[in-house]
2 protein chains.
Amino acid sequence: MEKKFSQWKKQSLNKLDQSKKGSVDRDIEHVVSLLNSCEEYFTTSSCSGRTILIDGASQSSDVQKQNCVWLFVSHQKCTFDDLMSGLARSSGDAVLKFEPFVLHVQCRRLEDAQLMHSVAINSGFRNSGLTVGKTGKIITAVRSTHGLEVPLSHEGKLLVEHEYVRFLTQIANQKMEENLRRIDRFYENLQSALLTEKLQKLQIPEPPSSHELQDPPHILEGEKVLEEEEEGKEERKKSNVYKRRRKREQHQTDCCHGDGDNSMTELDDCLSLFT
Amino acid sequence: MEKKFSQWKKQSLNKLDQSKKGSVDRDIEHVVSLLNSCEEYFTTSSCSGRTILIDGASQSSDVQKQNCVWLFVSHQKCTFDDLMSGLARSSGDAVLKFEPFVLHVQCRRLEDAQLMHSVAINSGFRNSGLTVGKTGKIITAVRSTHGLEVPLSHEGKLLVEHEYVRFLTQIANQKMEENLRRIDRFYENLQSALLTEKLQKLQIPEPPSSHELQDPPHILEGEKVLEEEEEGKEERKKSNVYKRRRKREQHQTDCCHGDGDNSMTELDDCLSLFT
């Protein structure tokens, strides 16, 4: 497995970047470099976050949805004129979207993916999750909740006043700023988490958490004491997350069946307004 | 572990529903019942999808974001009057959101979570992912991409024309319809996937995939032949997903570094317009 992961990493890093741009977005170069410098990780895709204006077909069938035109894309702040000149070229249904930072990280072992997931959640990327493939590929997707999706024209006709587009420009740029703050938080949390892991490995050749992968049933069925130790560590590591989650419980149990824990991510309406 | 999962399931199903509503949303009762009738699964939270109008504070600090008011919530289609009467009560920054179906499913074993994840992706819930806890809790979150997030008022002042609100009502209702179609698709795919699993178990006491949990390194390091068999099964099971992904590649490599595989979920702008 170790060998296989290294092969995957080598292949991936040597492979031509398949994006049109062909390179990593400037604002996350340091994050991608840090991850690719770790033997436990490599990135397979990323976007630092962007404001986009798409001109879609007026109907909603899958076929037509693919016939969309990009009127405007920016990974930095945008201006009122950027959006207006894009909208001027709309002939279908134009939609303004803000898409936050997204990152896919392939991880050597499940515990590495768990660490990445914990850092992501801790940094406010609450739609993050793991994918575990049959062939052993383990990927953590670092995802935020969507930020903005505003229909602006129908069959080429602008549906709103210019002042509203000016207001949206501010909102989109506020979201871009918040997005960059979250990327910084993620980078800092990642650095400290990786350092903690390294120190633990130096002190303890086989830290308890590493058993989980070498012998999952051991941890999964493990003695209560060991589990409590694990939970204790986890609690300390994720204290910020849990604090945030407790806060959120006041807002997100509005209408949906839930145990007030796992529903946090998507049902947190108030807090997701600006994420 | 088996015993522990059963205990968790028993505790969860006996626990009082912590949502204000206190019950599962009508449109997904059959999905939740099906999952809770399986020994491998139980649901910990869910929402069938909703159109909400939230009055947030005018600034974006976390503190203020929590002081938001719910002006309108509906799990069914909404009307122009619903939204207008909600907006009439706005004193801050009102935002209209459509939030699609979300479901959290605790799974007995990793392979059960992988099956759930595969069904979710296959049904169009492309932001789905796993969470693997230190104590052995394995949860698959079934998530779609956000559907709509439209700022409508600032400091209580409506920013758009009534006609635009009428247009948004149609869009929100179209998204609700599409959401229900996806729930149906998820339910059908889930039924057939569970049936296939049951049949496999009847025919083969120890199907290859079940080794993965009893002895992960075996599959992860397993002979090429076994891996190819596994991959073959996976390919067949997920053929629709891969077809969809291939389609998407034309659209989503616009600006971001990626290997054209894992970036599918978030970078698919055209196809996500109506999801």
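Enter the mean number of other protein chain beta carbons within 10 Å of the beta carbon of each residue in A:72-80, as an integer.
Counting other chains' Cβ atoms within 10 Å and averaging over A:72-80 gives 1.
Among B:178-185, A:13-20, A:33-40, what's the highest-first ranking by average C-beta atoms within 10 angstrom per residue?
Most protected by this proxy first, the peptides run B:178-185, A:33-40, A:13-20.
Using R₀ = 56 Å, calculate the FRET efficiency as 1/(1 + (r/R₀)^6) where r is the Cβ-Cβ separation of A:LYS3 and B:GLU161; round to 0.05.
Taking R0 as 56 Å, the efficiency between A:LYS3 and B:GLU161 is 0.35.
Can you pull the mean other chain C-beta count within 10 Å for peptide B:157-168?
Whole-number average of other-chain Cβ neighbours for B:157-168 is 3.
Which value, in Å², gives the accessible area per residue of segment A:2-202 when a 1.4 Å probe is used on the protein heavy atoms?
38
Give the carbon-plus-sulfur fraction of the accessible surface of segment A:7-154 in %, rounded to a whole number; probe 1.4 Å, heavy atoms of protein chains only.
50
Run the simple label-point estimate for A:GLU188 and B:LEU34 please: 7 Å along Cα→C-beta, distance reported in nm.
4.6
Specify whether the C-alpha gyration tensor of segment A:128-183 places it in the rounded, prolate or oblate class, a ≥ b ≥ c being the square roots of the eigenvalues: rounded for a/c under 1.5, otherwise prolate if a/b is larger than b/c and oblate if not.
oblate
Ordering A:VAL24, A:VAL150 by how much accessible area each has at a 1.4 Å probe, largest first, what is the list?
A:VAL24, A:VAL150
Relative to the present Cα-Cα distance, how much length would full extension add between B:MET84 and B:THR196 at 0.36 nm per residue of separation?
So the chain would gain 35.5 nm between B:MET84 and B:THR196.
For A:THR135 and A:LYS15 in the same chain, what is the full-extension length gain: residue separation times 0.36 nm, less their Cα-Cα distance, in nm?
41.2 nm
Just to verify a number: what accessible area does B:HIS154 come out at with the full protein assembly present, 1.4 Å probe, Å² rounded to tens?
My reading of the accessible area for B:HIS154 is about 60 Å².
Sort out for me the Cα centre separation of segment A:166-202 from segment B:163-181, rounded to whole Å.
Cα centroid to Cα centroid, the span is 34 Å.
If every alpha-carbon in segment B:2-202 counts as one equal scatterer, what log10 I(q)/I(0) does Debye give at q = 0.09, 0.13, 0.15 1/Å?
Relative scattering, expressed as log10 I(q)/I(0), comes to -0.42, -0.79, -0.96.
What total accessible surface area, summed over both chains, is buried at the interface between chains B and A, computed with a 1.4 Å probe and given in Å² to the nearest 100?
By this definition, chains B and A bury close to 9100 Å².
Convert each backbone phi in segment B:89-102 into a coupling constant with the Karplus relation 6.51 cos²θ - 1.76 cosθ + 1.60 (shift: θ = phi - 60°), then list the ³J(HN,Hα) values in order as whole Hz, x for Gly and Pro.
9, 6, 10, x, 9, 7, 10, 8, 10, 10, 10, x, 3, 9
In peptide B:95-106, how many Cβ atoms from other protein chains are near each Cβ within 10 Å, on average?
For peptide B:95-106, the averaged partner shielding equals 4.
The values are calculated or read from the model by the stated rules, or taken from the named source; none is laboratory data. Given the structure is predicted, the values throughout are model-derived calculations rather than measurements. Backbone-built Cβ (ideal geometry, glycine too); neighbour counts: all protein chains shown. The area values use the complete protein model at the heavy-atom level, side chains included, leaving out ligands, DNA and RNA. Shrake-Rupley method; radii C 1.70, N 1.55, O 1.52, S 1.80 Å.
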